[in-house]
Amino acid sequence: LLLTTPVIFWGGWPFLSVAWNALLKGQLNMATLIATGIMTAYLYSVGATFFFKGDVFYEAAAMLTTFSLLGHWMEMAARNATGEAISSLLKLVPEQARVVRDGTEVEVPVEEVQLGDIIAVRPGEKVPVDGVVIDGRSYVDESMITGEPVPVEKKEGDKVTGATLNTTGAFRFKTEHVGSDTALARIVQMVQSAQSSKAPAQRLADEAGK
């Protein structure tokens, strides 16, 4: 009893508090199942200790709390790693784009690039958004999208992807996808969607709780 009580009410507090708040709102979730299992074993054991004769299950309550905390920690670690991966992806996009307007190259924030704009890319610069090459020739490192370490030749009519690195020559391209419609933005959206979605086992547990 003395060893298990702090494990239940300190270590298991994340589950107990969430389950209690859900209960006050008339809702049931996965935390409700965990809290029910923990408190059933604990309260029965307390009763068997002070009020009636029977087996105690303090170790079961403590182990359930420990394993639940371990799973919760692993989930949070995975989410943090995913968040860092998303941040790294977003940092790949250049902050400025060299837009050709009235025959002159003007640097503007990449957020201001519009569909149909003509973008000039020099050697060593990153492609700001998705588009199709209309002038020039170069080799572009697309490893961050395709995983292919060898730069790919780009010439008139070829498509280029935002955040990829231009290596040798210079070229101009016409924008086809900007903002949240670029390939990189869609990758980030898919990662975020996968991060927020629930595993089949967790959805089953939530349904069982209902």
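Please state which of the following conditions Asn80 fails to meet, knowing it meets all the rest: (1) open to solvent by less than 40 Å² (accessible area, probe 1.4 Å); (2) over 30 Å from Asn166 (Cβ atoms).
(1)
Conditions: (1) closer than 30 Å to Pro6 by Cα; (2) under 30 Å from the mean Cα position of the chain (by Cα); (3) assigned to a helix (DSSP H, G or I). Gln27 meets all but one. Number of the miss?
(3)
Name, by its number, the condition in (1) at pLDDT 85 or above; (2) closer than 30 Å to Glu75 by Cβ; (3) surrounded by fewer than 17 Cβ atoms within 10 Å (Cβ to Cβ) that does not hold for Thr182.
Answer for Thr182: the failing condition is (3).
Scanning region 55-77 for residues that are under 13 Å from Phe15 (Cβ atoms) and of a type in the set (Phe, Trp, Tyr), which turns out least open to solvent (accessible area, probe 1.4 Å)?
Among those residues, the one meeting the criterion is Phe67.
Looking at region 151-187 only, could you name the residues that are hydrophobic (A, V, I, L, M, F, W, C), part of a strand (DSSP E or B) and in contact with a Lys or Arg (Cβ under 8 Å, 6 or more places away or on another chain)?
Val160, Leu165, Phe171
Against the condition over 22 Å from the mean Cα position of the chain (by Cα), polar (S, T, N, Q) and either open to solvent by less than 50 Å² (accessible area, probe 1.4 Å) or on the phi > 0 side of the Ramachandran plot (or both), how does Thr49 come out, does it pass?
No; evaluated as a whole, the condition is false for this residue.
The values are calculated or read from the model by the stated rules, or taken from the named source; none is laboratory data. Keep in mind that this is a model prediction, so the values were computed, not measured. Cβ sites come from the backbone with ideal geometry, for glycine too, and all protein chains shown count toward neighbours. We work out accessible area using only protein heavy atoms, side chains counted, and drop any ligands, DNA or RNA first. Shrake-Rupley method; radii C 1.70, N 1.55, O 1.52, S 1.80 Å.
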